[in-house]
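*Asks:* Here it is, the structure in full.
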Amino acid sequence: MTYEVAVRAEAALGEGPTWDPAGGRLLWIDILGSRVHSYDPATGRRTVRTTDQHVGAVKPRAGGGLVLNLRDGVGVLDPDGSFRWLHRDVVPGRRGNDAAVAPDGSLWAGTMRYDEAPGGGTLSRIGGDGTATAVLDEVTVSNGTGWSPDGRRMYYIDSPTRRVDVFDHEDGEITNRRPLVRIEDGAGFPDGLTVDADGCVWVALWDGAAVRRYTPAGALDREILLPTPRITACAFGGADLTDLYITTARVGLDAPHPVAGSLLVVPGAGKGLPQPAFEG
């Protein structure tokens, strides 16, 4: 499989690609640049919106607008562009990171400390009314989260563990945590993930210059090699959900590759799952 540059950019920490079917666009962010990007592959149209805080994730809302996982909590942009807080939770030295929308429409929002102190992050379930329920604590770098096609499994990454873990999932509750995959030394750290229509898990490898696909049994069956090391996340997009979009980062690289910080795409990489919009 070969990649193309969908959007040439110099994002410090590109992250969180998400297909917005209602808008026919790919949403993604630059966390440290405090920017929310959109890209329409049919027309090439791009937009950029600056946020007042570092933004860890952006997802479409069922009623229009966007939900944002920000430094100080979760907020929403209404269709008219106005902003309001949904769940504010200020912890000095901590910020929002990756997030995902569960099959029931709730937002599972992760956090981490800026200094990546062990145990300083969390994973919380945010309902449409802003009610927050703690799911995991003592997380270090809360990252990729996704569900199997039947919603009975949840996959999760706390990056420094070098694992992709799997839980049993039912009615918004997770149990029976166990490792699905352990990333070997020298292959980087697992970062973002997405689940495809076959139930396989695609994992972006920070400092690994690759995206890998693992079967539901944890076997590696595909790898996409990329020219820049800091691969942050991936998601299927396009009208038929067959193109794999990949975000990258420049931060911390002494001599960044020309595509570092760009949004990449691998056309026809597989078949993605339609993603629910946030219920709020």
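The values are calculated or read from the model by the stated rules, or taken from the named source; none is laboratory data. All values derive from a computational prediction rather than experimental measurement. Methodologically, a virtual Cβ is constructed for each residue, glycine included, from the backbone with ideal geometry; neighbour enumeration extends over all protein chains shown. Quick note on the areas: whole protein, heavy atoms, side chains included, nothing else; ligands and nucleic acids left out. Shrake-Rupley method; radii C 1.70, N 1.55, O 1.52, S 1.80 Å.
*Asks:* Any idea how many residues of segment 76-115 are part of a loop (DSSP other than H, G, I, E, B), of a type in the set (A, V, I, L, M, F, W, C) and open to solvent by less than 10 Å² (accessible area, probe 1.4 Å)?
*Replies:* Residues of segment 76-115 part of a loop (DSSP other than H, G, I, E, B): 78-82, 89-93, 102-106, 114-115.
Checking which are of a type in the set (A, V, I, L, M, F, W, C) leaves us with 90-91, 102.
Now restrict to residues that are open to solvent by less than 10 Å² (accessible area, probe 1.4 Å): 102.
Result for segment 76-115: 1.
*Asks:* Just give me the residues in segment 137-160 being surrounded by fewer than 18 Cβ atoms within 10 Å (Cβ to Cβ), out of contact with any helix residue (DSSP H, G or I) (no Cβ under 7 Å at 6 or more places or on another chain) and farther than 19 Å from residue 273 by Cβ, in sequence order.
*Replies:* Filtering segment 137-160 down to residues surrounded by fewer than 18 Cβ atoms within 10 Å (Cβ to Cβ) leaves 137-138, 140, 149-152, 160.
Those still in the list that are out of contact with any helix residue (DSSP H, G or I) (no Cβ under 7 Å at 6 or more places or on another chain) too: 137-138, 149-152, 160.
Residues satisfying the conditions are 137, 138, 160.
*Asks:* Going through segment 5-25 one residue at a time, which ones are within 21 Å of residue 98 (Cα to Cα), in a loop (DSSP other than H, G, I, E, B) and open to solvent by 10 Å² or more (accessible area, probe 1.4 Å)?
*Replies:* Correct list: 9, 10, 12, 21.
*Asks:* For segment 233-253, check the following and say yes or no: at least one residue is in a strand (DSSP E or B), within 30 Å of residue 130 (Cβ to Cβ) and open to solvent by 60 Å² or more (accessible area, probe 1.4 Å).
*Replies:* Keep residues of segment 233-253 that are in a strand (DSSP E or B), which gives 233-237, 243-249.
After this cut, where a residue has to be within 30 Å of residue 130 (Cβ to Cβ) as well, the list is 233-237, 245, 247.
Restricting the remaining residues to those that are open to solvent by 60 Å² or more (accessible area, probe 1.4 Å) gives none.
No, the conditions are met nowhere in segment 233-253.
*Asks:* Taking residue 43 and the conditions (1) open to solvent by 30 Å² or more (accessible area, probe 1.4 Å); (2) in a strand (DSSP E or B); (3) among the β-branched types (Val, Ile, Thr), which numbered condition does it fall short on, given that it satisfies the others?
*Replies:* Result: residue 43 fails condition (2) only.
*Asks:* Another question, if that's okay. Out of segment 116-149, which residues are of a type in the set (D, E, K, R), within 15 Å of residue 172 (Cβ to Cβ) and in a loop (DSSP other than H, G, I, E, B)?
*Replies:* Here is the first cut: in segment 116-149, the residues of a type in the set (D, E, K, R) are 116, 125, 129, 137-138.
Checking which are within 15 Å of residue 172 (Cβ to Cβ) leaves us with 125, 129.
Answer for segment 116-149, where residues must be of a type in the set (D, E, K, R), within 15 Å of residue 172 (Cβ to Cβ) and in a loop (DSSP other than H, G, I, E, B): just 129.
*Asks:* How about segment 24-79: which of its residues are in contact with a strand residue (DSSP E or B) (Cβ under 9 Å, 6 or more places away or on another chain) and hydroxyl-bearing (Ser, Thr, Tyr)?
*Replies:* Listed by number, the residues that qualify are 34, 38, 39, 47, 50, 51.
*Asks:* OK, next. Any residue in segment 32-39 that is in a loop (DSSP other than H, G, I, E, B), closer than 17 Å to residue 12 by Cβ and open to solvent by less than 50 Å² (accessible area, probe 1.4 Å)?
*Replies:* Keep residues of segment 32-39 that are in a loop (DSSP other than H, G, I, E, B), which gives 32-34.
Applying the additional criterion that residues be closer than 17 Å to residue 12 by Cβ yields 32-34.
Checking which are open to solvent by less than 50 Å² (accessible area, probe 1.4 Å) leaves us with 33-34.
Within segment 32-39, one or more residues are in a loop (DSSP other than H, G, I, E, B), closer than 17 Å to residue 12 by Cβ and open to solvent by less than 50 Å² (accessible area, probe 1.4 Å).
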